[in-house]
Number of protein chains: 2
Amino acid sequence: MNFGFALAGSDGAARAGWLRTAHGEVPTPSFMAVGTAGTVKAMTADAVRATGTGIVLGNTYHLMLRPGAERVARLGGLHAMMDWPGPILTDSGGFQIMSLAKLRKLDETGVTFRSHIDGAAHVLTPERSMEIQHLLDATITMVLDECTKFPATEDEAASSMRLSTRWAVRSRAAFVPRAGYGQFGIVQGGVFPALRAESVAALRAVDFEGYAIGGLAVGEGQALMFAMLDVTAPLLPEDKPRYLMGVGTPDDLLGSVARGVDMFDCVMPTRAGRTARAFCSTGVMNLRNARFAEDAGPLDAECGCLACRRHSRAYLHHLFRCGEILGPMLLTAHNLTYYNALMAGARAAILAGVYSEYCARVRAGWQT
Amino acid sequence: MNFGFALAGSDGAARAGWLRTAHGEVPTPSFMAVGTAGTVKAMTADAVRATGTGIVLGNTYHLMLRPGAERVARLGGLHAMMDWPGPILTDSGGFQIMSLAKLRKLDETGVTFRSHIDGAAHVLTPERSMEIQHLLDATITMVLDECTKFPATEDEAASSMRLSTRWAVRSRAAFVPRAGYGQFGIVQGGVFPALRAESVAALRAVDFEGYAIGGLAVGEGQALMFAMLDVTAPLLPEDKPRYLMGVGTPDDLLGSVARGVDMFDCVMPTRAGRTARAFCSTGVMNLRNARFAEDAGPLDAECGCLACRRHSRAYLHHLFRCGEILGPMLLTAHNLTYYNALMAGARAAILAGVYSEYCARVRAGWQT
């Protein structure tokens, strides 16, 4: 199957579609579960599938350090290694280097850094990042970019975005096209509409299989993020998928879908699940709270996940209070189920032309 | 269904049978997965079922402290709370108090101690232990006993065993008989055959639904443990189940089944699984070992568990090296599957009259 995106319907700027890949089709809008080091933390691959997850994300930075890209390739690629035959998107490594690695240094060539694990020196160039993602057998390869810091002056944002553009060109040249595989460019430009437009135009000239919007959810706040989506998304080609990187809360997702975004990834549902926070139709709950100690009701009466069908809030509270691994396991399963159901509900509402009513109903639930 | 034990066949002293309870039947010999605080660590209840586990064990000591026996009862009992409708055996709390609690003091009445969690003072008497196990809704209730320390003089072992006998009588009086529920007495007597015989005779006079052999696997070594089984098991009634507490390695299990034991529990497969050690048909492996880093083969080619069917040794090595929760999850599933398969194989061999050949074949595998 060729890589592609088919629009199934729209409601205002909100889009419902299909992402088609060598590793299967994914309905959009879609949330990608983060599987940093070749595992969605605290989840078997079967458990990830049971949450309705259609596509997972792997981290180039983590996997290049452990177990190493060449080793993953020798083991048959990331799909085989982690028992995920479905689509996998890998990031380029740039974002994690800037947030995790030590003694990092960035120049025109690429980034040199020391591993946060053992201090070993590494170099990541656009060409090496593409090679690593190829070795991992990523269904979707991301270009290497610099995630512009926030705040940044317009000059800083322009110069950072233009470096990312030059790296995008090099990344495209280094990408090995294969049927059903794709590569996404990444729009940068900080919070400056003209720079966002310049970035989109430059990337469209290269012509990628999809476009990511990067450099957001880095501290600018939801209003400014949405404003950037309002000026960026309309410039992107209609027939290509749009991926908002590292976003976000359920409310961020609803608002971004309304602005034409098709794909998301974020550690929020998985990380929150490991720290006892549950995303529910009635809002966010912290299961460590003593008020749940004798609450025999289900976590979320509207949810069909294992935690909600089989256990009480009191049991989940007990598990976290005792530091039992099953607590993170069950709450990660629940949160991914919630995010996937939120996106599935959005898709159905878009196709029915009632997306704004859907958002209003979901948001009203959070206030109860 | 009434609580009972039916012998299906035997081969020498080895027995194959059925344990019948209000919560279902369990083929014996059988290994009980340890679910200390209302969860088999790192496993969903579905995952425990998938390992072939028929009966799980809960800990009175841990559950009385967190979440509290009365709270478990208000939440519908341990079966409902942990999603395990099958049989549950609970220990009496005595063993954990002596190994975990602080400032413990034992007298004729019972044990006073301080919680290892928050230092709160507690008293556990035979009567309170029976009440707690009733509140937990234990399918099989254990009498409160004192696990005689090792080494102990014959006088110390005699006096400890006789205290346990008096507590067994009080435990029986405090037990509430219900159809399909049972209570097991616990044979003590250290490593002294005459004391073991005295203990058995006293407990048989009380007449329990089953008999446990306690005070072994406490440092005396396998040879002495087997010698004690050789003198104890023949004294126990044929028509009641026999449970060897806290045992053990796969080899311990094979040798104990040969001596007439029907039931076992031990933290070994679950704890080992969390620390990267795997019980396999070829012996024990430590998955942290660097020699597995590129081993694309399955953990155990003879095993049908999730870890063995879907993943490589190299992936398991990677997970433990990165401290990923999925490592303990997969290896716990594997080890419980191994223990259950070992017992299922033993049962089939006993019924076929080839138990010693089975043991020889299994042990030969460990040498490869």
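The values are calculated or read from the model by the stated rules, or taken from the named source; none is laboratory data. All of these numbers come straight from a predicted model, not from anything done at the bench. For neighbour counting, all protein chains shown are included, and Cβ atoms are generated from backbone atoms with ideal geometry for every residue, glycine included. Surface accessibility is based on the protein's heavy atoms, side chains included, excluding ligands, DNA and RNA. Shrake-Rupley method; radii C 1.70, N 1.55, O 1.52, S 1.80 Å.
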field: Members of segment A:95-148 that are buried (at least 17 other Cβ atoms within 10 Å of the Cβ) and touching a Cys at 6+ places or on another chain (Cβ under 9 Å)
entry: A:PHE95
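Looking at segment B:219-247 only, could you name the residues that are open to solvent by 50 Å² or more (accessible area, probe 1.4 Å) and in contact (Cβ under 8 Å) with a residue 12 or more places away in the chain? Spell out the reasoning first.
From segment B:219-247, those open to solvent by 50 Å² or more (accessible area, probe 1.4 Å) are B:219, B:222-224, B:230-231, B:234-235, B:238-239; that's our starting set.
Listed by number, the residues that qualify are B:GLY219, B:GLN222, B:LEU224, B:ASP230, B:VAL231, B:PRO234, B:LEU235, B:GLU238, B:ASP239.
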task: May I ask you to verify whether A:GLY58 is buried (at least 21 other Cβ atoms within 10 Å of the Cβ) and modelled with pLDDT under 95?
output: no
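Listed residues B:GLY260, B:GLY297; which is in a loop (DSSP other than H, G, I, E, B) and either open to solvent by less than 10 Å² (accessible area, probe 1.4 Å) or closer than 26 Å to B:GLY190 by Cβ (or both)? I'd like the intermediate steps shown before the answer.
On the way: B:GLY297 fails: either open to solvent by less than 10 Å² (accessible area, probe 1.4 Å) or closer than 26 Å to B:GLY190 by Cβ (or both).
Exactly one residue qualifies, and that residue is B:GLY260.
Take segment A:178-203 and flag every residue that is out of contact with any strand residue (DSSP E or B) (no Cβ under 8 Å at 6 or more places or on another chain) and either open to solvent by less than 10 Å² (accessible area, probe 1.4 Å) or free of Cβ contacts under 8 Å to residues at least 60 places away in the same chain (or both). Walk me through it before giving the result.
We begin by selecting, within segment A:178-203, every residue out of contact with any strand residue (DSSP E or B) (no Cβ under 8 Å at 6 or more places or on another chain); these are A:178-179, A:188-195, A:197-198, A:201-202.
Passing the criteria: A:GLN188, A:GLY189, A:GLY190, A:VAL191, A:PHE192, A:PRO193, A:ALA194, A:LEU195, A:ALA197, A:GLU198, A:ALA201, A:ALA202.
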- prompt: If A:ASP252 satisfies every condition in (1) assigned to a loop (DSSP other than H, G, I, E, B); (2) open to solvent by 10 Å² or more (accessible area, probe 1.4 Å) but one, which is the exception?
  reply: (1)
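Condition check ((1) of a type in the set (A, V, I, L, M, F, W, C); (2) modelled with pLDDT under 95; (3) under 30 Å from A:ARG277 (Cα atoms)) across all residues:
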residue: A:VAL176; (1), (2), (3): yes, no, no
residue: A:LEU195; (1), (2), (3): yes, no, no
residue: A:VAL200; (1), (2), (3): yes, no, no
residue: A:GLN222; (1), (2), (3): no, no, yes
residue: A:ALA233; (1), (2), (3): yes, no, no
residue: A:ASP251; (1), (2), (3): no, no, yes
residue: A:ALA258; (1), (2), (3): yes, no, yes
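Would a scan of segment B:308-320 turn up a residue that is part of a loop (DSSP other than H, G, I, E, B), more than 7 Å from every other protein chain (Cβ to nearest Cβ) and open to solvent by 20 Å² or more (accessible area, probe 1.4 Å)? Give the steps one after another, and end with the answer.
First, pick out the residues of segment B:308-320 that are part of a loop (DSSP other than H, G, I, E, B): B:311-312.
Going one step further and asking which of them are more than 7 Å from every other protein chain (Cβ to nearest Cβ), we end up with none.
The answer is no, given that none of the residues of segment B:308-320 is part of a loop (DSSP other than H, G, I, E, B), more than 7 Å from every other protein chain (Cβ to nearest Cβ) and open to solvent by 20 Å² or more (accessible area, probe 1.4 Å).
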query: Being under 17 Å from A:ALA138 (Cα atoms) and open to solvent by less than 10 Å² (accessible area, probe 1.4 Å), is that true of even one residue in segment A:159-166?
result: no
statement: By residue number, the members of segment A:40-89 that are more than 9 Å from chain B (Cβ to nearest Cβ) and hydroxyl-bearing (Ser, Thr, Tyr) are A:THR51, A:THR53, A:THR60, A:TYR61
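Taking A:SER92, is it open to solvent by less than 10 Å² (accessible area, probe 1.4 Å) and either away from every other protein chain (no Cβ under 13 Å) or of a type in the set (Val, Ile, Thr) (or both)? So that I can check it myself, show each step before the final result.
Values: open to solvent by less than 10 Å² (accessible area, probe 1.4 Å): yes; either away from every other protein chain (no Cβ under 13 Å) or of a type in the set (Val, Ile, Thr) (or both): yes.
So A:SER92 passes the test.
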task: Take segment A:16-36 and flag every residue that is open to solvent by 10 Å² or more (accessible area, probe 1.4 Å), part of a loop (DSSP other than H, G, I, E, B) and either of a type outside the set (Gly, Ala, Ser) or within 13 Å of another protein chain (Cβ to nearest Cβ) (or both).
output: A:HIS23, A:THR36
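Take the residues of segment A:337-354 that are aliphatic (A, V, I, L, M) and closer than 14 Å to A:CYS280 by Cβ: which is farthest from the other protein chains (Cβ to nearest Cβ)?
Looking at the filtered set, the residue picked out is A:LEU342.
Working only within segment A:263-282, note down all residues that are open to solvent by less than 10 Å² (accessible area, probe 1.4 Å) and not hydroxyl-bearing (Ser, Thr, Tyr). Break it down into steps so the answer makes sense when it comes.
Within segment A:263-282, the subset open to solvent by less than 10 Å² (accessible area, probe 1.4 Å) is A:263-264, A:269-270, A:272-273, A:276, A:278, A:280.
Residues satisfying the conditions are A:MET263, A:PHE264, A:PRO269, A:ALA272, A:GLY273, A:ALA276, A:ALA278, A:CYS280.
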- request: Answer yes or no as to whether B:SER256 is of a type in the set (S, T, N, Q) and under 18 Å from the mean Cα position of the chain (by Cα).
  value: yes
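Do the conditions hold for B:HIS334, that is, is it facing another protein chain (nearest Cβ under 9 Å), crowded, with 24+ Cβ neighbours inside 10 Å, assigned to a helix (DSSP H, G or I) and not aromatic (Phe, Trp, Tyr)?
Details: facing another protein chain (nearest Cβ under 9 Å): no; crowded, with 24+ Cβ neighbours inside 10 Å: yes; assigned to a helix (DSSP H, G or I): yes; not aromatic (Phe, Trp, Tyr): yes.
Here the answer is no, as B:HIS334 does not meet what is asked.
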message: Among the residues that make up segment A:283-300, is at least one of them within 14 Å of another protein chain (Cβ to nearest Cβ), over 24 Å from A:ALA47 (Cα atoms) and of a type in the set (Phe, Trp, Tyr)?
response: yes
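Can you pull out every residue in segment B:337-368 that is β-branched (Val, Ile, Thr), open to solvent by 50 Å² or more (accessible area, probe 1.4 Å) and either part of a helix (DSSP H, G or I) or at pLDDT 95 or above (or both)?
Step one: of segment B:337-368, the residues β-branched (Val, Ile, Thr) are B:337, B:350, B:354, B:362, B:368.
Cutting the leftovers down to open to solvent by 50 Å² or more (accessible area, probe 1.4 Å) gives us B:354, B:368.
Result: B:VAL354, single match.
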